Every structure is written in C-alpha cells, then in structure tokens.
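Heads up: the structure comes next, in structure tokens.
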Amino acid sequence: MSVTANHADEMLLNALADGELDAGHVRDVEAHVAGCAACAEKFKAIRALRAAMANASLKEPAPAHLRSRIEALFPAAASEPAPASASLKGAVARWWRSFIGGFAVGGALSAAATAILVIGLFTANQDQQIADEVVSAHVRSLQAGHLMDVQTSDQHTVKPWFNGKLDVAPPVIDLTAQGFTLLGGRLDYIEGEPVASVIYQRRKHVINLFVAQRLGAARATVQAKTIQGYNVRHWTEQGLDFWAVSDLAGDELDEFVQKISADLRPPGAS
Amino acid sequence: MASDASGEQDRARRFRDAALPYLDDVYTLARYLMRNSADAEDAVQECYLRALRHFDSYRGPAMKPWLLAILKNVCYAEFARRGKQDVPADVADDETATDEPVWQEPQSTPEASLLRQQDDATIRNLVSALPEPFREAIVLREINDLSYQEIAAVARVPVGTVMSRLNRARAMLRAAWNAANGAAQATARPAAQSARSAAATPGSAS
C-alpha cells in the first residue's frame, strides 16, 4: 500500500471511516486529515461511498420459498415459537415432570406457583437454566416489534416507566458517550418472575440487560457464558442480579459490563 | 424416558431460534458470492444443514459470523468442485494490487454524484463485478455489518489483510463508479496508470 511520509495510510482512512480505529489512532489520523487537503479529499470520498452503499438497498432478502425450505429442515419447525408465558410454563412443567418422575402436572398449576417451588429446589443447574431462559428472552426480543415497551434514549423516561411494574427500581444508565446507545426498556419474564430489561445498542448489536432481585445465585464476580452464539454475563451488585445478553463480541460486552458496574458503585467505594 | 427424541427436538428448536434470524444475511452473502439465485439457495440450504450438524460443538463467537463462515466454505467448495476460473482461494492480495489504481483522482465531483444518484442496481452490479476476495470483504463489511475482527475470522486472514482488501475494494468501486457514470473519460485511466508504471516501463505508456 502506498504510504508516504507526508500522507496518512489509506487503510487508516478506511478504518477511521469504519469506526475501527482505537482512540489514539483516531486522534492522529483526524489531526492529519484536518490539515492535509489530499487526505481530506480521500477521506471524503470513502465516506461518500459508505453513505451511498448504506442508502442503497443492497441486502438480498431470502425468498419465501427458500425460507420454507430451510424451516422444513428442522423437525421442530411445526411448533411455532411460543409466547413467553406458555414456553416458560412448558419449561417449568417439563422440569417438574422429570423431577417427580411420572406424576402428571396439569395446567392447573400456575407457572408462578411452580416457580416458587422451583426456586427453593434449584441448585447447581439453576444458573444454567436461567442463562438459557435469558438467551431465549433475548432472541424473542429481537423479533419484530418485541424489543421495547418504552422506546426512548432518555434515561429519565425509562426508569420511571418501570415504577409499579416491578418491586425493584432497575438502574438505567446513559452510556451513549461510551458508545452504547440506550434504546429503551421492556418488561420480560424469566423463571415466571417479572424482570426489567434495559436495552442498549452498539453498532447494530442489541444488548438486553436483565435486572431483577435474586435471578440466579449471587455472583460477586462476573460470570461469562456463551449460549447459542450469544454472549452472556451475569453478576450481582447492590442486591440486584444483572444478566447482559448480546451477539456483541465477548470483549465488547465485557466493556459494557464494566461501564455499567462502574456507574453503579457509589463514588469513593473501591 | 423419551428424552432422546425430545432432546433432539429441543436442539433443533434452539438451533432454529438462534440461526434463522440470520437467514437474510446468509442469503445475501450467498447471492454476492455465487452471483445467481439458484446456486445461492442451494448454498444456503447446505450451510444450514452443516451448521445444525455442528451446532453441538459450537461455542461461539457470535452466530452471524459463524454462519457466514460456514456459508463461505460451502461456496468455495462449490467453486472448487466446478473448477471455476473465479476460484478466489487465497489470492495474494498485494501481488495483484497493481492491476487497478489504488486511488484515482476524482474527475469532477464523484462523491457528489455518488450521493446524487443512488442507483441501487448500479451499486449492486458494481459490487457483484468485484473480483474475489475483495467482493467478499466489502459485502461482509457494508451489507452484513461485520466488524474487522469478525471479517478476519470469516475469511481466515489477519485483520491487516482485511484492511487492505477493504481499501482495494473501495478503490475499485470508486473507479468503476466513475467509469459507469462517464465521469472518468478515456483519458483518466491511462493517465493514472502511466504515472504508476512509468518507473517500471518507461515510454510504454501511450
């Protein structure tokens, strides 16, 4: 690649336009572009091309017959994804059946009542079970129209929205300056209990941050898991359990967790 | 207990929930790699079959780049099977770098005209006309929205190679765009190339 002493490497101009430079390089390259007409012109052209490609509809939606063909590959395709409460009831009922071995538990037993029993009985695999549910809730939320109950980037709108819907006040933190945009909030159900989900976004990756009291074993340190390709982080802070789920890369989700966690700590606490 | 059958069902359901949301992304890459819909559809189907087979051993990274990496392998295997000329496998990026000018001076106001006439079909055709592996890189970046790291993982090359491929892809798109719009007159290319090749073959540039 053509790099001269006087001009920025074109690959760096591309990386700057792509938002892929670290802070130190961003400063250097931006400073150079600001003072160099030739590089400024190149940078402008790269951005113009990016804008043109972003505005053109270049994505090719899968044709309907292909979608049916792919769906037909999986035997489970017949059972449509169940709504939250039904699939939860199913999951609890399945677990319950396997636990008492053969006793039929009818639909008469409500999911909530079962969940109370279950909370007392779960031990080692409780966290795994919750992690699976949290991931399912995340996937469900990505389906059109399911993501947000309250849609705003204003933390002072999201937080009061949860009042009266939950017995906890989930912290809602504005991390826009740190590259995580607040999208809104949603009420979800995990293990039959209502939980708050605060939704953030980095680039096109959605992060669901589930917050509730006692959602899994208390964890002073962050527990990392990967389930079905989604990164999951769980930790306990200020008496609340936090579960962050996203298809964001692991290190970026760690960064998110650190920022949330740092904001929760009262000033002066170590 | 009937746990085997239900376990299998459960696995298929989990796979479906995790992988199906990316069908459009997978199909898009398949369209740009295979360049026609029938081959693209076959590749997508093979991709999902393979992904389901390997789902148990799958531990990350994210689902989208994982699926796209499988799709890419399926497409390349198909190219190899056909003995296609276009087989993109491991083209040495830098050696081919002199075929096209990496940077072409804007003739009139190409960026203004880029913004003015966003002709979807034209851009799509220009992208489709890019040689591998530059087409793959730009599609993964601009259409599938992958990060440099994720593109590197899909293409199995270092991030530096991804950067150089994207740079080349964009330079070629700009040049092709200029040519398509007539902004670059017949004089533009030879002028740019003669400057570049002057040292190697003095006097040969007409």
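Values quoted throughout were computed directly from the atomic coordinates according to the rules given, and no laboratory measurement underlies them. Keep in mind that what you see is a predicted model, and the values were worked out from it rather than measured. Because the Cβ atoms are built from the backbone with ideal geometry, glycine has one as well, and the counts that use them run over all protein chains shown.
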**Request:** Would you please give the residues with an amide H less than 5 Å from that of A:Lys59, counting only those at least 5 places away or on a separate chain, with H modeled from the backbone geometry?
**Result:** none
**Message:** Need one word for region B:7-70: rounded, prolate or oblate. Basis is the Cα gyration tensor (sqrt eigenvalues a ≥ b ≥ c); a/c below 1.5 gives rounded, then a/b vs b/c decides.
**Reply:** prolate
**Message:** Would region A:30-75 count as rounded, prolate or oblate if I go by the C-alpha gyration tensor, calling it rounded below 1.5 in a/c and otherwise prolate when a/b exceeds b/c, oblate otherwise?
**Reply:** prolate
**Complete:** Taking alpha-carbon centroids only, region B:14-58 lies from region A:231-262 a number of Å equal to 30
**Message:** I'd like the trypsin sites (Lys or Arg not before Pro) in region A:161-269 restricted to DSSP loop residues with at most 14 other Cβ atoms within 10 Å, sorted by number.
**Reply:** A:Lys165, A:Arg203, A:Lys204, A:Arg214
**Prompt:** Once the Cβ-Cβ distance between B:Arg11 and A:Asp251 is put in as r, and R0 is 30 Å, what FRET efficiency do you end up with, to the nearest 0.05?
**Reply:** 0.60
**Item:** Vicinal HN-Hα couplings computed from phi for region B:24-37 (Karplus, 6.51 cos²θ - 1.76 cosθ + 1.60; Hz; Gly/Pro x)
**Value:** 5, 5, 5, 5, 4, 4, 4, 4, 6, 7, 8, 6, 8, 6
**Prompt:** Near the amide H of A:Glu237, under 5 Å away, which other amide H atoms are found, from residues 5 or more places off or on another chain, if H is placed in the peptide plane?
**Reply:** A:Phe242
**Item:** Three-way shape label, region A:124-264, alpha-carbon gyration tensor, a/c 1.5
**Value:** rounded
